[in-house]
Amino acid sequence: MRPNIPLLALMLATTFLSACAATPAFKRPDVAAPAAFTGTQGQTPTAINAAWWQNFGSDELDQLMTEALAQNTDIRAGVHRVEQARADLKIAGANLLPSIGASAGAGRNFQNNPSAQSTNLSLGANISYELDLFGGNKAGVSAARANLAQTQYGEDALKLVVMGDVAKGYFTFVNLRERLAIADDNLKNAREVMRIVQARYDAGAVSALDVAEQKTVVSSREASRAALQSQLTQAGDALAVLLGRA
């Protein structure tokens, strides 16, 4: 007996339609979308005071800034001074100090087109400068204008980096100088106590252990002072490099 083909096909179609009916229809959720996004769009950027360091009210810092900016007009020499000064500051322990809210960086981009190589100088607060040192971005302007613009941008970027590093170096130096003054007072007090303990020991009022303990205190204070003096010297060397004195 041959199977009933039409009846079998009807049964399969009914089963398929039943399975489709068991799946609920997708309903798009009602989400109220804002008419416009209210972020930072349309906000006018705040201008940065070119002489922002004057807000600290330090005549010493003002003098250092003036001297450093006058000495760092050549881009290549200025970058070299910045790198050397940062190495000295690292030895001086500047990384232990809190950041003053500024950062800077430099890098070189290499693209497929050799003439489009560029150097980037960047600072914190989303400020960046692209220097077309190899003339790859001169479309639409003359070569003379492009060279002049890149030189001006490079000098401006270098000034921003130098100002940030001078401020950091100055505050590192001031911090170490104050800590050294405190260390001098602590050492002076420890030596005075040592003199008193020694006198009492000679009089038989204290033991040799008391004398040994105070000698340890004096030695510790001397070592701390020597370390601070070394760090202060390194911080001074870093500032001297930025100022073109070294």
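All of the numbers you see were taken from the coordinates with simple rules; none came from a lab. Predicted model only: the values in this text are computed from it and were never measured. In this analysis, Cβ positions are derived from the backbone assuming ideal geometry, glycine residues included, and neighbour counts consider all displayed protein chains.
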query: If r is the Cβ-Cβ distance from residue 52 to residue 182 and R0 is 22 Å, what FRET efficiency results, to the nearest 0.05?
result: 0.15
- request: Compute the distribution of all C-alpha to C-alpha distances in the stretch 164-246, in bins of 5 Å from 0, and list the percent of pairs in each, rounded to whole numbers.
  value: 3, 15, 18, 14, 12, 9, 9, 7, 5, 4, 3, 1
statement: Between residue 77 and residue 226, the two model label points (7 Å from Cα along the beta-carbon direction) sit apart by a distance in nm of 3.9 nm
- prompt: At residue 201 and residue 63, where each label point lies 7 Å from the Cα along Cα→Cβ, what is the point-to-point distance in nanometres?
  reply: 4.6 nm
message: As an exercise, use a Förster radius of 25 Å and the Cβ-Cβ distance of residue 174 and residue 212 to find the FRET efficiency, rounded to the nearest 0.05.
response: 0.10
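Tell me the net charge near residue 67. Cut-off is 14 Å between Cβ atoms, residue 67 excluded, with +1 for each Lys or Arg and -1 for each Asp or Glu.
Numbers: positive: 81, 159, 245; negative: 59, 60, 62, 165.
With Lys, Arg at +1 and Asp, Glu at -1, the neighbours total -1.
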